[in-house]
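These notes are about the structure you will find just below.
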Amino acid sequence: MDAESGHAGTQTLQRLADALRGPLLRPGDPDYEERRRVWNGAIDRRPLAIARCADAEDVSIAVKFAAKEHLPLTVRGGGHNVAGLAVRDGSLMLDLGALNRVEVDARARIVRVEGGALWRDVDAATQPHGLATTGGFVSSTGVGGLTLGGGVGWLMRQYGLTIDNLLSADVVLADGRCVVASAEQHADLFWALRGGAGGLGVVTRFAFRLHEVGEVLAGAVFHPLEAAPALLRAFRAFVPTAPEPCTFMLVFTAAPPAPFLPPRVHGQRVLALAYCWSGDPTQGEQAMAPLTGFGEPLGRVGGAMPYAAWQQSFDVHAPAGDHYYWTTSILDGLDDGLIDALVLKAAMAPDPLCEVHVHHLGGVVAALPADASAFAHRDAPFFINAIGHAQGPEKLTEVREWARELRSSLLPWAREGMQPNFAGEAADWQAQTHDAATRARLEGIRRKYDPSGLFGLVRRD
Ligand SMILES: Cc1cc2nc3c(=O)[nH]c(=O)nc-3n(C[C@H](O)[C@H](O)[C@H](O)COP(=O)(O)OP(=O)(O)OC[C@H]3O[C@@H](n4cnc5c(N)ncnc54)[C@H](O)[C@@H]3O)c2cc1C
């Protein structure tokens, strides 16, 4: 088949279009432009066609078609992957955006989520029951990609990573078969799906365990940059023994023009301590006081609020269509030398939109054995994300260099490797996201379930 433009290609694609229940979008079709675009505006790729799958049967048809025609295939869940893994020039994109139904079984505390849903779809369905499971730090991310890469978020220290709550996945394999992966069925595939970062099949439905999460105690305390070294040391000292219901994130950012901050600091670089307490709200304030009460802040915002409201409060900082480059470091500690290097580089961001996020893990995340899933670094106490962000393309090179340099400056203290969900380049997926033993085990499972490497093709960009 002439993959680009040939007559035979057009006819063959028409056969696919006729077989699908959902539309097959081609260049020139009204929705093609919108669906080829992903969250990161710096990614500008043009697939040969986009199969907007209506159901698992459509996914199976499209997968078999790609295999038969030797077409490169990509899968689009929420489209949030910063490296743009969901889209590739000249490929067939399986767009799961219409597969976004969410069903809650409140009595059994299980939520069933289709493969193209976003976290805000999950919260909208579960929160009216006072239930939730670990999603991301923002609500606009796709459930699909986030889960396959592990899934860190506000609830993880009390309820585990997203993958720790995964009960089963309905998967369309490279030969078009639909199987269920769980602890009992295709257990090897289930292990690999949990943190293996994809490339195994298309998950059309996830089932997650739910927990009682209604209101959380959440907010942010803003500090001047001069306080950053001392605050990072206080963070380092407190979090190893912090109670499981609390998760913090330190954010180097520009002070928003908000009423809870004095106008003189609006737009200036500051360090914000964001926090979320998901346990009994009456105990949260005291439990978090060693950090939330630190120093002399510039201002603070927060209080008791529904979990879904807190999860959405960061969405505005990550608008779709802006230009991004991210990278990430895994750390066993926050040495004084690292703190100095970090503060120096974080203070010099080339664009006010750039941020640095300092995260901690621990709690339930660290309680499971390292090989419980393919998520390789659950025992790491800290990780740091450099978020290169500019509104348009002009500054992208500069913000990319800044993010890379920040990571390089932390290398003396960093573990080898990266958390898949925050790896900024397709090449990182091949070499960096798993240690050698996990990678070897994953490759064996990929060979078993996808012997022709159909799903592996997304990794060759
Ligand atoms: C603003 C923002 C905030 C984020 N916050 C967090 C966070 O708090 N925690 C966290 O862990 N990560 C976070 N991430 C990272 C995010 O989890 C990854 O970028 C993830 O890949 C996004 O998944 P997606 O489905 O939206 O992306 P996509 O770009 O659609 O997909 C990413 C990869 O997953 C594959 N994929 C997606 N869905 C499926 C499926 N159903 N079946 C098979 N393969 C599939 C795609 O083929 C692709 O390779 C964030 C990302 C952004 C942009």
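Any read-out appearing in this document is the output of simple, stated calculations on the displayed coordinates, not a laboratory observation. If you're wondering where the values come from, they're calculated on a predicted model, not measured in any experiment. Here Cβ is always computed from backbone atoms with ideal geometry, including for glycine, and neighbour counts include all displayed protein chains.
Using +1 on the beta carbon of Lys and Arg, -1 on that of Asp and Glu, and nothing else charged, what's the dipole of region 7-95 about the Cα centre, debye to 20?
Numbers: 13 positive and 12 negative charges, 40 e Å.
The dipole magnitude comes to about 180 debye.
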Translational D in µm²/s for region 102-212 (Stokes-Einstein at 10 °C, 1.306 mPa s, Kirkwood Rh from C-alpha pairs): 116
Per-pair calculated FRET efficiency, R0 = 35 Å: Glu226 and Asp188 via Cβ, rounded to 0.05: 0.10
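Would you compute, from DSSP H runs of 4+ residues alone, the mean residue ellipticity of the chain at 222 nm, taking -39500 (n - 2.57) per run and dividing by the full residue count, rounded to the nearest 500?
Working: 15 runs with 136 residues, N = 461.
Result for the chain, helices only: -8500 deg cm²/dmol.
Given the chain, what percent of its DSSP beta bridges are antiparallel, to the nearest 5?
So the antiparallel bridges amount to about 90 percent of the total.
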Hits among lysines - C-alpha to C-alpha of Lys64 under 20 Å, sequence gap 8 or more where chains match: Lys448
Positive-end extreme of charge dipole, the chain - chosen from Thr327, Thr247, His360 (charges on Cβ): Thr327
Signed unit charges on C-beta, dipole axis of the chain, positive-most listed residue Gly153, Ala426, Ile50: Ile50
Under the Debye formula (equal points on every Cα, no solvent term), log10 I(q)/I(0) of the chain at q = 0.07, 0.09 Å⁻¹: -0.34, -0.57
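Using only alpha carbon pairs under 8 Å that are at least six residues apart, calculate the relative contact order of region 53-148 and give it in whole percent.
Numbers: 150 pairs, mean separation 25.0, N = 96.
26 percent.
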Rounded to 5, the percent of DSSP beta bridges in region 7-95 classed as antiparallel: 20
Phi to ³J(HN,Hα) by Karplus 6.51 cos²θ - 1.76 cosθ + 1.60 over region 199-210, Hz, x for Gly, Pro: x, 10, x, 9, 7, 8, 7, 10, 10, 10, 6, 10
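Using 0.36 nm per residue, how much length does the chain from Ala347 to Leu368 gain when fully extended, once their Cα-Cα distance is taken away? Don't skip to the answer; put the middle values down first.
Values: separation 21, 0.36 × 21 = 7.56 nm, distance 3.60 nm.
The Ala347-Leu368 span can extend by a further 4.0 nm.
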Amide hydrogen neighbours beyond the local backbone of Thr74, cut-off 5 Å, H modeled: Leu92, Met93, Leu94
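If packing is taken as the average number of other Cβ atoms within 10 Å across a peptide's residues, how do 80-86, 227-233, 132-138 rank, most packed first? Spell out each step's value before the answer.
Values: 80-86: 24.7, 227-233: 17.9, 132-138: 26.3.
With the highest mean Cβ count within 10 Å placed first, the list reads 132-138, 80-86, 227-233.
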For region 1-118: relative contact order, % (alpha-carbon pairs under 8 angstrom, 6 or more apart): 24
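Place the peptides 94-100, 106-112, 44-50 in order of packing, highest mean first, counting for every residue the other Cβ atoms within 10 Å and averaging per peptide. Mind showing how you got there, number by number?
On the way: 94-100: 23.3, 106-112: 15.6, 44-50: 20.4.
Peptide ranking by packing, descending: 94-100, 44-50, 106-112.
Let me know the charge dipole size of the chain about its Cα centre in debye, to the nearest 20, where only the beta-carbon of Lys, Arg (+1) and Asp, Glu (-1) is charged. Working shown, then result.
Values: 42 positive and 52 negative charges, 95 e Å.
That gives a dipole near 460 debye.
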Positive-end extreme of charge dipole, the chain - chosen from Asn81, Val216, Met348 (charges on Cβ): Asn81
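Semi-axes of the equivalent ellipsoid for region 215-428, please: Cα gyration tensor eigenvalues, times 5, square-rooted, ordered largest first, whole Å. Write down the numbers at each step before the final one.
Values: eigenvalues 121, 105, 58 Å².
After diagonalising the Cα gyration tensor, the semi-axes are 25, 23, 17 Å.
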Length-normalised contact order for the chain - Cα pairs under 8 Å, 6+ apart - percent: 16
